[in-house]
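Data first, discussion second: the structure below is written as structure tokens.
What follows draws every value from the coordinates through simple rules; no lab data is involved. The model shown is predicted, which means the values in this text are computed figures rather than measured ones. Ideal geometry is used to build each Cβ from the backbone, glycine not excepted, and the neighbour counts take in all protein chains shown.
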Amino acid sequence: MTDDIKKPHYQPVDAMVYPRFSGIRTFMRLPHVTDLTGVDFAVVGVPFDTGGTFRVGARFGPEGIRNQSVLLRPYNPTLDVSIFDICSGVDYGDVPVTPGYLPESHQQITEAASVVLASGATPIFLGGDHSVSLPLLRAVAAKYGPVALIHFDSHNDLWHSYFGGKDTHGTPFRRAYEEGLLDTSRSSQIGLRGSLYDAGDLQVTLDCGFQMITGPELHEIGVKETIQRVKERVGNGPAYLTFDIDFVDPAYAPGTGTPEVGGFTSAQCQQLLRGLVGVNFVAFDIVEVMPMYDTQGGVTCLLAANLVHEFMSLIALQRRT
Ligand code: MN
Ligand code: MN
């Protein structure tokens, strides 16, 4: 909160005046605002999926997540935080991209993200395929230096190349590691699972210096122990949270590009995120949401919207102190 009375305080429209199904779709029916002066957080769409190697369609992720976000309410009872009592939050809209042109689009994404970061607002990016995390991390590291990565995913996305291509949704963190954008000594990859080509596929996580908590290991040790390990690892420095929706079991999140069974429930995802209170987050993304495969009543987009609500709650708790 601030004493500057001239500064607008942005929050969702009143649901008792404007029914939830009405109006133009923004995230949580926040105002669409691009002047981020005095704004605490901004939801930013990154509708790009040219980095996909199997199914594509994550370009419609921001739209799908916004559509399912209209039922969200401002109070998070589990974390006991009323987000907009503390934060002014907006929907910034989508960054410009050039469909089919990955290098050009990545450049555009970095430039747009840099503008958001320069404002002091904490960005929450809605992908897009996972390739977008690389240009986003370039912008983040330009501001903060190498950051810790807290990475929820079935896959480590550390391939050297894919079909000979060095920029795909399977390679972003290899490039980020090589470019020195990450402090892997404070970073974790969580939820890795599924069939692989060989044992070396997981070894690369350790070789790059990440903490690794595989999917089966998370099932074994549980949510609490996982949170403790990740928080011990991340310390107090700046952290970037990236959430690939395929971390979630496809029973709960079918609307994605490379689903892997044996994953985690919606409730476990909420518990994991809530447990990260106190981490010094500087940006968030949620990626690989594909509404056209989300045929069970939009549950994937609904979950993604609710996980963004947890991100917003974490930001509010950070900014309360
Ligand atoms: Mn994945
Ligand atoms: Mn991924």
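Worth pointing out:
- Footprinting exposure proxy for Thr321, Thr122 (fewest neighbouring C-beta atoms within 10 Å first): Thr321, Thr122
- Residue order, fewest to most surrounding Cβ atoms within 10 angstrom, among Phe54, Phe60: Phe54, Phe60
- Nearest 10 degrees, 0 to 90: helix 102-118 Cα axis against the chain principal axis: 40
- Highest mean packing comes first when the peptides 98-109, 15-26, 168-179 are listed by Cβ atoms within 10 Å, giving 168-179, 98-109, 15-26.
- Helix-only mean residue ellipticity at 222 nm for the chain, each DSSP H run of n ≥ 4 adding -39500 (n - 2.57), per residue, nearest 500: -10000 deg cm²/dmol
- GNM result for the chain, Cα springs below 10 Å: residue of Ile83, Ile286, Ile65 fluctuating most strongly: Ile83
- Packing-based exposure ordering (other Cβ within 10 Å, fewest first) of Tyr252, Tyr162: Tyr162, Tyr252
- In this simple spin-label approximation, Glu111 and Glu178 carry label points 7 Å from Cα along the Cα→Cβ vector, and these lie 2.4 nm apart.
- For the options Ala253, Ala199, Ala142, a Gaussian network treatment of the chain with springs between C-alpha atoms closer than 10 Å singles out Ala199 as fluctuating the most.
- Candidate lysines for bridging to Lys6, where Cα separation is under 29 Å - those fewer than 8 sequence places away on the same chain excluded: Lys143
- Over the chain, relative contact order from alpha-carbon pairs under 8 Å, at least 6 apart, %: 21
- Cα centroid separation - the range 77-125 against the range 7-24, whole Å: 20
- Förster-model FRET efficiency, 25 Å R0, Thr34 and Asn67, C-beta, rounded to 0.05: 0.75
- Nearest-ten-degree value, helix 133-144 long axis tilted from longest Cα axis of the chain: 70
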